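> Input: one structure, supplied below.
Derivation of every value follows stated rules applied to the coordinates shown; laboratory data play no part. Since we're looking at a predicted model, the values are computed, not measured. So basically every Cβ, Gly included, is an ideal-geometry build from the backbone, and we count neighbours across all protein chains shown.
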Amino acid sequence: MRRLRDWLITLIALVGLLLGVVLLLSPIPVGLLVLTISLVALLYANKRSRHLLQQARSRWHKINHTVYKVEKLLERRFRRLWSVISSTRPHEDRND
């Protein structure tokens, strides 16, 4: 049952990503919000996306720094989401 739920969330997140890209062209900045929510849902439901984010964070330090700032903002309010994002830290940062 959990696997089905994760597949549905992944499918909805991918559709949301496509919709967000289309909405980026609109004069109202709704596309950025849709993209952000879709990426968060994708990270939450899909282990492969967390692995890809971990690789990107270890390869590009600017991405790692930006995601680290987002982690700090989420730590108090959104515990579950914070734990998902903090699990993508590069291996050398895990000892901090």
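> Could you work out the relative contact order of the chain, using alpha carbon pairs under 8 angstrom and six or more residues apart, expressed as a whole percent?
Relative contact order, the chain: 23 percent.
> The stretch 1-45: Rg/Rh from Cα coordinates, Kirkwood Rh?
Here Rg/Rh amounts to 1.08.
> Determine the calculated [θ] at 222 nm for the chain from helices alone, applying -39500 (n - 2.57) to every DSSP H run no shorter than 4 residues and normalising by the residue count; nearest 500 deg cm²/dmol.
Computed mean residue ellipticity for the chain: -26000 deg cm²/dmol.
> Something else now. Using mean Cβ contacts within 10 Å as the protection proxy, how do 3-14, 48-59 order, highest first?
Highest mean packing first, the order is 48-59, 3-14.
> State which helices in the chain qualify, where a helix is a whole DSSP H run, it must extend 30 Å or more along its own axis by its Cα atoms, and its mean Kyte-Doolittle hydropathy must be at least -1.0.
Membrane-span-like by this criterion, though nothing is claimed about a membrane: 2-23.
> Could you state, as a whole-number percent, how many of the C-alpha pairs of the chain are farther apart than 21 Å? Write out the running numbers ahead of the final one.
On the way: 1791 of 4560 pairs.
Considering the chain, 39 percent of its Cα-Cα pairs are separated by more than 21 Å.
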